[in-house]
Amino acid sequence: VTYSAPQLPLVLPFGRCVCDPGDGLRWPTAPGSCARVVTAAEEGSGFYALERCSSPTCDAASCTQLTTWAPSMAEMGEGFSFECRPVGSDAATVVDACDVVVGNTPDSAFCAHPGYVNGALAATPDHVLRCEVAPRCPANVLLDNLEQSCCSGSDRSYALNASGAATGAPAPGFCSRPKTTEPLAGRPVVVEILRASGLRDADGVLQGNSDPFCRGGVVGKPSLSFASRIVDDDQDPVFNAERVFDSPAAGDVFAFRCWDRDFGEDDDFLGEAFLPGEQWEADGFEGDLKLNRTDSGSDAFLTVRISRLGSSAGGDCSVRTLAPSWKGCACLGAQGFPLADRVCTASCDLPSCGQDGTGIPPTPEHWRTSEVPEALRTR
């Protein structure tokens, strides 16, 4: 179900009950309602139904059918797709994988409030969200000076050592990390899939060019991965996809793979490239990787960048500090979405925050900095 503001869909993993919390943030045309997509006939028939439900568990008795989809007989056995159709003030469609819609958009962005993050475990099924208020900000984020302190911190708040004692060195800003000569391994890095060139046309003359998308991640670590958006009809696509990886280890090998998206059919493989640890651990990496296994007579390349969190884009810091009933730091990536593990709460009147902020989760250990003296909290 899509809506106009913000420009993100309400994603319904098949068979899951997904609800708007009541404020209309996730489903503006149906505040407080829930929805699900289910099979409306015998399983395997390809006949699906979108239902709106009043029960928070989507009990069948509380659900009303909004629309259904069925493939045409001509498509049966060849793979099939479903049309996007109006449903009241919304529009809805069925796709065969959540990442077709989600791409590289951080899960927390679908919570539709900058102060909410996805608290679901990494092991939960694809794109099942549990939106909850972001943890409390570290001490170097000052409520009276959020715009500056989210990015730069405070010169009176110090980094902590392994035993929790102040080191005497000012802690880096929550959204920005200073440049350093220390290796990147074991530190937060931004991994970007920027663009590709020379990709094979896997669709043929009658279907136009390929509709490519790419995935990037660490070999052998499925939780450290992300996907780009799909670019229609383009053999030289620009992706500008990014994801923050909290702490890739020394020796980790990055793998990048690209496909041509074919709705209802198996995607066509377009090539892959690998980036070993010795090429990114010291100073990061930015450049073209030649794709292998392209099934083409010409060369194809993928442009990627791996950089220390806060050191790319000229060291700029982009942050949102205000939202309804919430103040804090929502550090933004190149596409304007909050970065993973970079949203914190300074002040909150949302229902989930509890009385006097008692419901705000505590500051994670890896964010903590020393306290700023009360008399200096405006700095």
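Look at residue 199 and say whether it is at pLDDT 90 or above and not in a strand (DSSP E or B).
Judged against the criteria, residue 199 is a match.
Would you point out which residue out of 32, 44 is open to solvent by 20 Å² or more (accessible area, probe 1.4 Å), modelled with pLDDT of 85 or more and assigned to a loop (DSSP other than H, G, I, E, B)?
Of the residues listed, the single one that is open to solvent by 20 Å² or more (accessible area, probe 1.4 Å), modelled with pLDDT of 85 or more and assigned to a loop (DSSP other than H, G, I, E, B) is 32.
If you check 296, 318, which single one turns out to be closer than 30 Å to residue 145 by Cβ and of a type in the set (S, T, N, Q)?
After ruling out the rest, the residue left standing is 318.
I'd like to check something: does the stretch 136-145 contain any residue that is more than 22 Å from the chain's Cα centre (by Cα) and among the basic types (Lys, Arg)?
no
Every residue in the stretch 352-370 that is closer than 26 Å to residue 151 by Cβ and either exposed (fewer than 13 other Cβ atoms within 10 Å of the Cβ) or of a type in the set (Gly, Ala, Ser) (or both), please.
Once the filter is applied, which keeps residues that are closer than 26 Å to residue 151 by Cβ and either exposed (fewer than 13 other Cβ atoms within 10 Å of the Cβ) or of a type in the set (Gly, Ala, Ser) (or both), the stretch 352-370 yields 357, 362, 364, 365, 366, 370.
Considering only the stretch 334-351, state which residues are open to solvent by less than 30 Å² (accessible area, probe 1.4 Å) and in a loop (DSSP other than H, G, I, E, B).
Correct list: 350 only.
Just checking: which of the strands (runs of 3 or more DSSP E) contained wholly in the stretch 206-307 hold 3 or more residues that are touching a Leu at 6+ places or on another chain (Cβ under 9 Å)?
Passing ranges, in order: 212-218, 238-245, 254-260, 268-275, 285-290.
Give all pairs with beta carbons closer than 8 Å in which a residue from the stretch 233-255 that is in contact (Cβ under 8 Å) with a residue 60 or more places away in the chain and among the hydrophobic types (A, V, I, L, M, F, W, C) meets a residue that is in a strand (DSSP E or B) and surrounded by fewer than 16 Cβ atoms within 10 Å (Cβ to Cβ); count only pairs at least 6 apart in sequence or on separate chains.
254/274
Taking only pairs six or more apart or across chains, which ones have beta-carbon atoms under 7 Å, a first residue in the stretch 279-294 that is within 17 Å of residue 309 (Cα to Cα), and a second residue that is surrounded by 18 or more Cβ atoms within 10 Å (Cβ to Cβ) and of a type in the set (Gly, Ala, Ser)?
If the second residue must be surrounded by 18 or more Cβ atoms within 10 Å (Cβ to Cβ) and of a type in the set (Gly, Ala, Ser), the pairs left are 284/307.
Yes or no, residue by residue, for (1) in a helix (DSSP H, G or I); (2) open to solvent by less than 70 Å² (accessible area, probe 1.4 Å); (3) at pLDDT 80 or above:
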site: 101; (1), (2), (3): yes, yes, no
site: 109; (1), (2), (3): yes, yes, yes
site: 113; (1), (2), (3): no, yes, yes
site: 126; (1), (2), (3): no, no, no
site: 148; (1), (2), (3): yes, no, yes
site: 159; (1), (2), (3): no, yes, yes
site: 176; (1), (2), (3): no, yes, no
site: 185; (1), (2), (3): no, yes, yes
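Against the condition outside any loop (DSSP other than H, G, I, E, B), under 16 Å from residue 11 (Cα atoms) and either modelled with pLDDT under 65 or charged (D, E, K, R) (or both), how does residue 51 come out, does it pass?
Criteria met by residue 51.
For the stretch 272-299, what are the residues that are surrounded by 13 or more Cβ atoms within 10 Å (Cβ to Cβ) and touching an Asp or Glu at 6+ places or on another chain (Cβ under 8 Å)?
277, 291
Tally the residues that are within 22 Å of the chain's Cα centre (by Cα) and more than 16 Å from residue 242 (Cα to Cα), restricting the search to the stretch 331-359.
Count: 3.
So which residues in the stretch 209-267 are open to solvent by less than 40 Å² (accessible area, probe 1.4 Å) and aromatic (Phe, Trp, Tyr), if there are any at all?
213, 226, 239, 245, 254, 256
The values are calculated or read from the model by the stated rules, or taken from the named source; none is laboratory data. Given the structure is predicted, the values throughout are model-derived calculations rather than measurements. Reconstructed Cβ throughout: ideal geometry from the backbone, glycine too, with neighbour counts over all protein chains shown. The protein model used for the area step is the full one, side chains on, heavy atoms only, and it has no ligands, DNA or RNA in it. Shrake-Rupley method; radii C 1.70, N 1.55, O 1.52, S 1.80 Å.
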